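Down below is the structure, laid out as structure tokens.
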Amino acid sequence: MADSHVLRAGQARAFFSSLGGECRGWRVGARKMLWPGDEAIWPAVAPVLFPTCGWSRDGVIRVGAESYPMPVHGFAAQSLFASTRLGESAICFTLVDNEETRKHWPFAFALSITYTLVETALAVTCVIENRDTQVMPYAVGLHPGFALDWQAGAHRFVFETPERADVPVIAPGGLFSTSRRPVPLNGRVLDLEPALFEAEALCFTDAKSRSFALEAPDGRLTIAAPDFPHLVLWNKQGGAYLAIESWTGTGDPEGFEGTLLERPSMIHLAPGASRSHHVRYSWEPLGRAMASA
């Protein structure tokens, strides 16, 4: 059974599970920032994606001449992490290769996820270490579902800089098509509504922006993701959330038959090397958000 953990910083609280090293709740005062999960819609809250993001063709990856089953978004969310407390307001979860991970991905590695809570922000740092003797291809991602009441009023997603007003079509099996479809993006601003996600997630691959804001009727959530080139926005069945996903890599292209090393946008980590990826989520309630607008 997974252990549960609580971080505290002033009136803020954050809750975590050793299963997946996942944040299972975040509260700023009385404001619940994360969706609680719902088995009938989407049971997760904020899963960590590793060592792949998105779908692999036929649920399989190839490393050299061998094939391995790979779940969507990798295996980290189903893995049990060790935990180390770093005081009242920080915690580190660590996963190292074991018999189960090597069934899916034949590399020696360490993945650590450090969460640091302050009164109005939650910072996440993912560190990947290659403990193998060969180059290790990986992708890592964060997939938090932020609580959103569609009936409470208008919601907007604002990019740091203008982006393309179209996104890749997601083909059957979750694969990335070369075709694109338009989205109603007006420069930097995307007005949000559940119908946007009826045809699948909005995947802003190789986005220019590294900072974003979800503007809600009661405040603004700012996301700074300097080390993640891809942004994915997703909602399922009109659930009371918006998933704001930061990815370093994407799913397989439609028709892809190559190895994991040949998969587009994978990071190739040299033996003995490590790499860090950071995201910070900051909440401004309505009064402060208006004052800084």
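What's the number of the condition Glu198 fails, among (1) surrounded by 13 or more Cβ atoms within 10 Å (Cβ to Cβ); (2) without any contact (Cβ under 8 Å) to a residue 24 or more places away in the chain?
It is condition (1) that Glu198 fails.
For residues in segment 83-112 being under 21 Å from the mean Cα position of the chain (by Cα) and hydroxyl-bearing (Ser, Thr, Tyr), which is nearest to Gly272 (Cα to Cα)?
Ser112
Residues that are aliphatic (A, V, I, L, M) and touching a strand residue (DSSP E or B) at 6+ places or on another chain (Cβ under 6 Å): which strands (runs of 3 or more DSSP E) entirely in segment 118-229 hold 2 or more of them?
On the way: elements: 121-130, 136-138, 145-147, 156-159, 166-171, 175-182, 189-191, 202-204, 211-216, 219-224.
The strands (runs of 3 or more DSSP E) meeting that bar are 121-130, 166-171, 189-191, 211-216, 219-224.
With respect to Ser17, determine if the residue is among the polar types (S, T, N, Q), more than 18 Å from Phe146 (Cα to Cα) and either over 17 Å from the mean Cα position of the chain (by Cα) or surrounded by fewer than 22 Cβ atoms within 10 Å (Cβ to Cβ) (or both).
Here the answer is no, as Ser17 does not meet what is asked.
Which number in (1) over 17 Å from the mean Cα position of the chain (by Cα); (2) at pLDDT 95 or above marks the one condition that Gly145 misses?
With (1) over 17 Å from the mean Cα position of the chain (by Cα); (2) at pLDDT 95 or above applied to Gly145, the lone miss is (1).
Regarding segment 106-116, can at least one residue be identified that is among the polar types (S, T, N, Q), under 23 Å from Gly54 (Cβ atoms) and surrounded by 19 or more Cβ atoms within 10 Å (Cβ to Cβ)? Talk me through it step by step, then tell me what you get.
First, pick out the residues of segment 106-116 that are among the polar types (S, T, N, Q): 112, 114, 116.
The next check asks that each one be under 23 Å from Gly54 (Cβ atoms); those that pass are 112.
Now restrict to residues that are surrounded by 19 or more Cβ atoms within 10 Å (Cβ to Cβ): 112.
The answer is yes, given that some residue of segment 106-116 is among the polar types (S, T, N, Q), under 23 Å from Gly54 (Cβ atoms) and surrounded by 19 or more Cβ atoms within 10 Å (Cβ to Cβ).
Pairs, please: C-beta under 7 Å, at least 6 apart or cross-chain, first residue free of Cβ contacts under 8 Å to residues at least 40 places away in the same chain and in segment 18-40, second of a type in the set (Phe, Trp, Tyr)?
Arg24/Phe15; Arg24/Phe16; Gly25/Phe15
The values are calculated or read from the model by the stated rules, or taken from the named source; none is laboratory data. Everything numeric here is computed off the predicted structure, so don't read it as measured data. Quick reminder, even Gly has a Cβ in these numbers, built from the backbone with ideal geometry, and neighbours come from all protein chains shown.
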